[in-house]
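Colleague: Right, I'll just put the structure down here and ask away after.
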(Lines give C-alpha, C1' and ligand atoms only; values in the text may rest on other atoms or scores of the structure.)
Protein backbone atom coordinates (compact mmCIF):
# COMPACT_ATOMS: atom_id res chain seq x y z
CA UNK A 1 0.00 0.00 0.00
CA UNK A 2 1.34 3.42 -0.96
CA UNK A 3 0.98 6.27 1.53
CA UNK A 4 1.55 9.87 0.48
CA UNK A 5 3.58 12.02 2.86
CA UNK A 6 2.92 15.74 3.26
CA UNK A 7 4.19 18.37 5.69
CA UNK A 8 3.85 22.14 5.59
CA UNK A 9 7.35 22.27 7.11
CA UNK A 10 8.80 21.57 3.65
CA UNK A 11 7.96 23.15 0.30
CA UNK A 12 4.90 22.00 -1.58
CA UNK A 13 5.61 19.90 -4.64
CA UNK A 14 5.95 22.15 -7.69
CA UNK A 15 4.63 19.49 -10.04
CA UNK A 16 2.43 16.38 -10.16
CA UNK A 17 4.22 14.45 -7.42
CA UNK A 18 4.27 13.98 -3.63
CA UNK A 19 6.89 15.16 -1.14
CA UNK A 20 7.42 11.47 -0.35
CA UNK A 21 5.79 8.05 -0.56
CA UNK A 22 5.89 5.34 2.11
CA UNK A 23 5.82 1.76 0.88
CA UNK A 24 6.94 -1.54 2.37
CA UNK A 25 8.65 -0.04 5.43
CA UNK A 26 10.57 2.50 3.37
CA UNK A 27 10.11 6.16 2.59
CA UNK A 28 11.10 7.50 -0.82
CA UNK A 29 11.45 11.27 -0.82
CA UNK A 30 11.16 13.47 -3.84
CA UNK A 31 14.11 15.72 -4.49
CA UNK A 32 14.21 18.65 -2.12
CA UNK A 33 15.42 22.02 -3.35
CA UNK A 34 16.23 25.08 -1.21
CA UNK A 35 12.78 26.65 -1.12
CA UNK A 36 11.98 28.23 2.23
CA UNK A 37 8.59 26.66 3.07
CA UNK A 38 7.53 29.75 5.03
CA UNK A 39 7.88 32.09 2.06
CA UNK A 40 7.71 29.69 -0.88
CA UNK A 41 10.85 31.30 -2.33
CA UNK A 42 14.48 30.39 -2.85
CA UNK A 43 16.21 32.86 -0.55
CA UNK A 44 19.66 31.33 -0.08
CA UNK A 45 22.28 32.22 -2.67
CA UNK A 46 25.44 30.28 -1.77
CA UNK A 47 25.87 26.52 -2.08
CA UNK A 48 26.30 26.27 1.70
CA UNK A 49 23.11 28.20 2.48
CA UNK A 50 21.15 26.34 -0.18
CA UNK A 51 22.41 22.97 1.09
CA UNK A 52 21.34 23.91 4.64
CA UNK A 53 17.81 24.70 3.44
CA UNK A 54 17.65 21.50 1.38
CA UNK A 55 18.66 19.41 4.38
CA UNK A 56 16.12 21.17 6.63
CA UNK A 57 13.41 20.46 4.05
CA UNK A 58 14.52 16.85 3.70
CA UNK A 59 14.56 16.42 7.48
CA UNK A 60 11.00 17.74 7.76
CA UNK A 61 9.75 15.28 5.12
CA UNK A 62 11.58 12.38 6.78
CA UNK A 63 10.15 13.31 10.19
CA UNK A 64 6.60 13.48 8.81
CA UNK A 65 7.14 10.00 7.33
CA UNK A 66 8.23 8.62 10.71
CA UNK A 67 11.88 8.50 9.76
CA UNK A 68 15.04 10.53 10.28
CA UNK A 69 18.49 11.23 8.85
CA UNK A 70 19.82 8.32 10.93
CA UNK A 71 17.53 5.91 9.03
CA UNK A 72 18.52 7.06 5.53
CA UNK A 73 19.98 4.21 3.48
CA UNK A 74 20.58 5.97 0.13
CA UNK A 75 20.68 9.51 -1.21
CA UNK A 76 20.97 10.96 -4.66
CA UNK A 77 22.45 14.45 -4.78
CA UNK A 78 22.32 16.78 -7.76
CA UNK A 79 24.67 19.75 -8.07
CA UNK A 80 24.51 22.38 -10.76
CA UNK A 81 28.31 22.70 -10.57
CA UNK A 82 30.72 19.98 -9.42
CA UNK A 83 33.03 22.76 -8.22
CA UNK A 84 30.58 23.00 -5.26
CA UNK A 85 31.22 19.36 -4.27
CA UNK A 86 33.48 20.05 -1.25
CA UNK A 87 31.33 22.87 0.12
CA UNK A 88 28.20 20.75 -0.30
CA UNK A 89 29.85 17.81 1.48
CA UNK A 90 30.60 20.00 4.51
CA UNK A 91 26.90 20.71 5.00
CA UNK A 92 25.69 17.24 3.97
CA UNK A 93 28.05 15.58 6.44
CA UNK A 94 26.53 17.46 9.39
CA UNK A 95 23.18 15.81 8.70
CA UNK A 96 24.10 12.41 7.23
CA UNK A 97 26.20 11.23 10.15
CA UNK A 98 25.47 7.53 9.47
CA UNK A 99 27.06 7.87 5.99
CA UNK A 100 24.37 6.25 3.84
CA UNK A 101 25.08 5.07 0.31
CA UNK A 102 25.08 8.02 -2.09
CA UNK A 103 25.29 9.09 -5.69
CA UNK A 104 26.24 12.69 -6.48
CA UNK A 105 26.12 14.08 -9.98
CA UNK A 106 26.36 17.42 -11.70
CA UNK A 107 23.42 18.32 -13.90
CA UNK A 108 22.94 21.03 -16.47
CA UNK A 109 20.13 22.78 -14.60
CA UNK A 110 17.85 22.26 -11.60
CA UNK A 111 14.32 23.56 -10.97
CA UNK A 112 14.22 27.30 -10.23
CA UNK A 113 17.93 27.44 -11.17
CA UNK A 114 18.99 26.29 -7.70
CA UNK A 115 22.46 24.94 -6.96
CA UNK A 116 21.50 21.66 -5.23
CA UNK A 117 18.76 19.04 -4.90
CA UNK A 118 18.76 15.94 -2.66
CA UNK A 119 16.46 12.92 -2.53
CA UNK A 120 16.57 10.02 -0.08
CA UNK A 121 15.39 6.51 0.65
CA UNK A 122 15.02 5.69 4.34
CA UNK A 123 13.52 3.19 6.76
CA UNK A 124 10.10 4.29 8.01
CA UNK A 125 7.75 3.22 10.78
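The values are calculated or read from the model by the stated rules, or taken from the named source; none is laboratory data. These numbers come from a predicted model, not from an experiment. Here Cβ is always computed from backbone atoms with ideal geometry, including for glycine, and neighbour counts include all displayed protein chains.
Colleague: Using beta carbons and a limit of 7 Å, which pairs, at least six apart or on different chains, have the first residue in segment 53-75 and without any contact (Cβ under 8 Å) to a residue 24 or more places away in the chain and the second one outside any helix (DSSP H, G or I)?
Modeller: Listed pairs, sorted by first residue: 53/34; 53/36; 53/44.
Colleague: What are the residues in segment 90-125 that are assigned to a helix (DSSP H, G or I) and in contact with a helix residue (DSSP H, G or I) (Cβ under 9 Å, 6 or more places away or on another chain), if any?
Modeller: 90, 91, 92, 94, 95
Colleague: Filter segment 7-18 for residues that are touching a helix residue (DSSP H, G or I) at 6+ places or on another chain (Cβ under 7 Å) and more than 17 Å from residue 110 (Cα to Cα); which is surrounded by the most Cβ atoms within 10 Å (Cβ to Cβ)?
Modeller: 10
Colleague: Among the residues of segment 33-83, which ones are crowded, with 18+ Cβ neighbours inside 10 Å and over 23 Å from residue 15 (Cα atoms)?
Modeller: 47, 67, 69, 71, 72
Colleague: Among the numbered criteria (1) part of a helix (DSSP H, G or I); (2) in contact (Cβ under 8 Å) with a residue 12 or more places away in the chain; (3) under 15 Å from the mean Cα position of the chain (by Cα), which single criterion is violated by residue 84?
Modeller: Every listed condition holds for residue 84 apart from (3).
Colleague: If you check residue 79 against the conditions, is it within 13 Å of the chain's Cα centre (by Cα) and either over 23 Å from residue 5 (Cα atoms) or at pLDDT below 95 (or both)?
Modeller: Yes; evaluated as a whole, the condition is true for this residue.
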